[in-house]
1. On a full-extension model of 0.36 nm per residue, what is the gain between K147 and E89, subtracting their alpha-carbon distance, rounded to one decimal in nm?
2. Starting from 0.36 nm per residue, how many nanometres of slack lie between S60 and D304 once their C-alpha separation is accounted for?
3. Non-local amide H neighbours of F90 (under 5 Å, H modeled in plane, Pro and chain starts lacking H): which ones?
4. Just the C-alpha atoms of the stretch 293-410: what Rg/Rh do they give, with Rh taken as the Kirkwood radius?
5. Find how much the distance from K77 to A266 grows on full extension, using 0.36 nm per residue of separation minus their present alpha carbon separation; answer in nm with one decimal.
6. I'm spelling it out carefully: the read-out is Cα Rg over 2.2 N^0.38 Å, the candidates are (1) 2.59; (2) 1.38; (3) 0.97, and one was derived from this structure. Which label?
7. Report the normalised scattering of the stretch 438-488 as log10 I(q)/I(0) at q = 0.13, 0.15, 0.23 Å⁻¹, calculated by the Debye formula with identical scatterers on the alpha carbons.
8. Would you mind checking which residues have amide H under 5 Å from G388's amide H? H placed 1.01 Å from N; only 5 or more apart, or other chain.
Amino acid sequence: MSISPEFDKIRSSETFKVSSSNGIECKLPLTEEEFKEIISVDASVSLVNAECLNGEIKYSGRGIFTVVYKSDNAIKKQEVGVEFSFKCEFDKSLEGMTSLSDVKCDNVKVNFVNGIAIASAVVIFNGEIAKPYEVDYFLKDNQIMVKNQDLDYSLEVCRVKREFKLEDEFELPVLVGDVLTHSEKVAITTVQSGIGVIIIDGEVELTFLINPLEEGKEPVTVIKKIPFRTEAECNDALPEYLACAFAMVKSANYKVYVDEGKNKSAVSVEILLDANAKVYNYNTFSYGVDAYSIESEIKLIKEDKKVDKVIGFKCLEERVNSEISFDVTKNSRLIGVISDKIEDVRYSLLDGEILVEGILNVNCLFFEEKYFAKSSLLPFSVKFSLDGNKFEFVKSEALDVKVSKNHAEFILKVCFLDLLECKFKAITEVSEGQKKKVNDSAISVYIPNAGDELWDVAKELGVSKEDILKTNSDLEFPLNGNERIVVYREK
């Protein structure tokens, strides 16, 4: 006998992540006197492009600094933009790959240097690429008996980026003198795979801190939510596949219309968003877990392998309530939220759940004889259910932030891929050994173990499955361990 093992390949992909940080800065048109009256400074960044090259990812974007300050006994603001372009060294990156990327900013501040106000911040870039790989596994051999097992896994079939525009117009409950600050947050609600498209639903939460036109009125905070639906083309997508996505704001433009005669204001908004999405299909492969030969000894070499099965893309939320404190006197009056950001977010697997830990940094406007800003840090820790044993492609956002002087609450929205990591031992090498000694007994009796299948019994006796069933046709598998299995041999 001469064996000729046949092998097959599993085509899958492995996700690699990378992060880098770089500083940006720009000049502000503030005098030294106005600089001394700064109430708050904030910055937002958006990604314009990310390109994978050999050994690096090049990315570019735009940062906008917003400074709220006091001048001539009035609250004013300055918005200044700066373009940036950086590269992130990444040895897994190859030219032509697609990186699902986003950016955020940290450590925003203003300094007065040689008579010039300089705003600066740190841009943090996060990128993710999928690198394909193949796993060889033993399939069959016509000369030996093989025990096969089926295993389901998921394969990423495509990843796409989709830029789309969101437009809306709505009234505001106050006559607008100026929009002091504004922020845009994106939350995904559902993602579906269709025929050739990925359908993404979500909403954008807009928050405005408005300085009223009428003198003597204090600034007010207004929150508006705009739902959206967009479709990203993906030729390989089908309705039975699973899709996931996240989105981010690339730019936001506002026009405010004030009608003093009708005592109302309206805002026209145009928001450019960028969606990153990917689609998975389900595959089943049958691999050899064991093998034996009736005539010869067989040597098997096995290696530990693993594949991922995507269970679903989940978008979950949890309301967070907590005490909060600001370093202000009891006579200080809280006017509104200037900005809020989630910082230092960490994700971990704990007792079959995703543990999300982080800090909500809230910057608020107060008044006591004059306007001033104070920040407070709100730590949070929330668990979300997980059906698998692994997660990735996870994003968090704080929505509906409400703050008083001693209490804060918000909705933590978390989206993630729920995965089951399937480990298995693949036979990677099969070799033939010495010929087996011929069993010359006329009858063999075998007492099986509970749970034995037909293949296990045949291997133990060194015969084919057909030989077992010839004289033991009444057996029911799996066995209970009380059977007596008889094999007759011709002399």
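1. On the way: separation 58, 0.36 × 58 = 20.88 nm, distance 4.59 nm.
Stretched out fully, the K147 to E89 stretch lengthens by 16.3 nm.
2. Working: separation 244, 0.36 × 244 = 87.84 nm, distance 4.08 nm.
Difference between extended and current length: 83.8 nm.
3. Amide H neighbours of F90, under 5 Å, 5+ apart: E56, I57.
4. Ratio of gyration radius to Kirkwood radius: 1.34.
5. Here the answer is 66.0 nm.
6. The value computed from this structure is option (2).
7. -0.25, -0.34, -0.81
8. Under 5 Å from the amide H of G388: L419.
Every read-out reported here was derived from the displayed coordinates using simple, explicitly stated rules and does not represent laboratory data. What you see is a predicted model; the values in this text were computed from it and never measured. Cβ coordinates were reconstructed from backbone atoms using ideal geometry, including for glycine residues, and neighbour counts include every protein chain displayed.
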